[in-house]
Amino acid sequence: MKEFIASNANETVEIGYQLGLLLKPGDTILLEGNLSGGKTTFTKGIGKALNIKRIINSPTFTILKEYQGKYPLYHMDLYRLDENSHDYDLENYINGDGIAVIEWPFQAPMLLPDEYLLISFSILENGSRKITLEAKGNHYEELLGELK
């Protein structure tokens, strides 16, 4: 497990960027935290590392946004799903040919792979974000070991 403190949005983007430099196709990143916790801002950093030129914003109302860069980025927001949601074919994007970044992942736990990197966002009293990264599986343990 690793923890970072980001005192502003630029620092949140930078931490996402550093992680994004290490990601490969098939990787799954789960983001959990309160609304406005920094999940989409963090994803912008991953997109920057993947040389994605489009603006990355929340897929809350579309459930999935796909971006092309060095690798495809599949940005999902499962906030509006429930455990009975099977109609979106999201499984095709998880462990696929790109990187899956999933906000509110535990809304539909049956979609989640056995191994992933869980990133939790907490808002501190001073407005900073505590970003906690927890690996589930050997691949993600190694990835965390490489993250500076």
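Just so it is clear, none of the values below were taken in a lab; they were calculated from the coordinates. Model, not experiment: these values are computed from the prediction. Ideal geometry is used to build each Cβ from the backbone, glycine not excepted, and the neighbour counts take in all protein chains shown.
Here the chain is assigned +1 on the Cβ of each Lys and Arg and -1 on the Cβ of each Asp and Glu. Its dipole about the Cα centre then comes out at about 740 debye. The alpha carbon centroids of segment 108-148 and segment 1-70 are separated by 12 Å. Scanning the chain for GluC sites (Glu not before Pro) in DSSP loops with at most 13 other Cβ atoms within 10 Å, what's the longest stretch left with none? That would be 1-82. Fewest-first ordering of Lys39, Lys148 by other beta carbons within 10 Å of each residue's beta carbon gives Lys148, Lys39. Counting only DSSP beta bridges with both residues in segment 2-146, the antiparallel share comes to about 55 percent. Between Leu64 and Lys24, the modelled label-to-label distance comes to 2.4 nm, taking each label 7 Å out from Cα in the direction of the beta carbon. Using θ = phi - 60° in the Karplus curve 6.51 cos²θ - 1.76 cosθ + 1.60, the 3J(HN,Hα) couplings for segment 53-65 round to 8, 5, 6, 8, 9, 5, x, 3, 8, 9, 6, 9, 10 Hz; x is entered for Gly and Pro. Shown for Val101, Val13: other C-beta atoms within 10 Å of each C-beta, ranked fewest to most, produce the order Val13, Val101. With a threshold of 23 Å on the Cα-Cα distance, the over-threshold entries among Lys2/Lys24; Lys44/Lys148; Lys70/Lys136; Lys2/Lys53; Lys48/Lys148; Lys39/Lys70 are Lys70/Lys136; Lys2/Lys53.
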